[in-house]
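Structure first, then comments.
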């Protein structure tokens, strides 16, 4: 994993007046926010607040009805997910999308696709047949060691529980050597101990690489512990943005969460 730390305060990712619609349903309503170099930026809110929809717009899965999303000055709206990945944006998903029948190391190798001239299939079928293979294998080995997955390297991912699968998903994203990391509920479904491990890995990723990390998360205590800034969404609207200690005690933020819990 390479370090490419930038000075904090420089805007790396910008959402400007973003609206995402699905027919008559407005999932994200005129939201603006910025993510600075080197920071952990959390997007929080009740279920259905629009958190994942905003993330999906950032990496090209959803096309906003209006607004701009810029990554290092380049407009992302209209680009396809693989084009955005090539720009250095890596993503994990709330519903893990791994190759469950394949071993951990091959799942991580799939994360190297943006660096492979011959493509994923050629690399997996003929793993030592391409000139860049040694470099790709070295990158994967570094991530295996970083996330403590050496013992699981040759075991199919489908044999593991949720905690290890989430770690492999993070590892695959890191194998892209991204310049921006988007994590969609990386602790969902985990035990307390697994959450603590994942939080530690996220902090260590930031320390080792300096890349900005955007996290969609429900766990407010976790957000308070690891995020530099937080954006609170409710019913697609931006309620507040700022440091967690200040934002999470605002009356409007508390009302959004209490209202959601009452409705449930």
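Remarks
- Filtered residue count, the range 142-156, keeping only those that are under 21 Å from residue 200 (Cβ atoms) and not in a loop (DSSP other than H, G, I, E, B): 8
- Residues of the range 173-188 satisfying the condition of being surrounded by fewer than 24 Cβ atoms within 10 Å (Cβ to Cβ), touching a helix residue (DSSP H, G or I) at 6+ places or on another chain (Cβ under 6 Å), in contact (Cβ under 8 Å) with a residue 60 or more places away in the chain and not in a strand (DSSP E or B): 176
- Qualifying residue in the range 154-170 (condition: touching a residue at least 60 places away in the same chain (Cβ under 8 Å), out of contact with any helix residue (DSSP H, G or I) (no Cβ under 8 Å at 6 or more places or on another chain) and not assigned by TED's automatic domain parsing to the domain that holds residue 112): no
- Going through (1) over 23 Å from residue 101 (Cα atoms); (2) touching a strand residue (DSSP E or B) at 6+ places or on another chain (Cβ under 9 Å) one by one, residue 176 falls short only on (1).
- All positions within the range 71-82 that are part of a helix (DSSP H, G or I) and loosely packed, with under 13 Cβ neighbours inside 10 Å: 82
- Taking the numbered list (1) surrounded by 14 or more Cβ atoms within 10 Å (Cβ to Cβ); (2) at pLDDT 75 or above in turn, residue 127 passes all entries but (2).
- The residue that is farthest from the chain's Cα centre (by Cα), counting only those in the range 61-86 that are closer than 22 Å to residue 51 by Cβ and in contact (Cβ under 8 Å) with a residue 60 or more places away in the chain, is 71.
- Residue 68 falls short on exactly one of the conditions (1) modelled with pLDDT of 95 or more; (2) under 30 Å from residue 254 (Cβ atoms); (3) not in a loop (DSSP other than H, G, I, E, B), and that condition is (2).
- Taking (1) buried (at least 23 other Cβ atoms within 10 Å of the Cβ); (2) over 18 Å from residue 36 (Cα atoms); (3) in the same structural domain as residue 183 (by TED's automatic domain parsing); (4) in contact with a helix residue (DSSP H, G or I) (Cβ under 9 Å, 6 or more places away or on another chain) in turn, residue 61 satisfies each apart from (1).
- Filter pass, residue 3 being at pLDDT below 95 and in a loop (DSSP other than H, G, I, E, B): yes
The values are calculated or read from the model by the stated rules, or taken from the named source; none is laboratory data. Note that this is a predicted model, so its numbers are computed, not measured. Backbone-built Cβ (ideal geometry, glycine too); neighbour counts: all protein chains shown.
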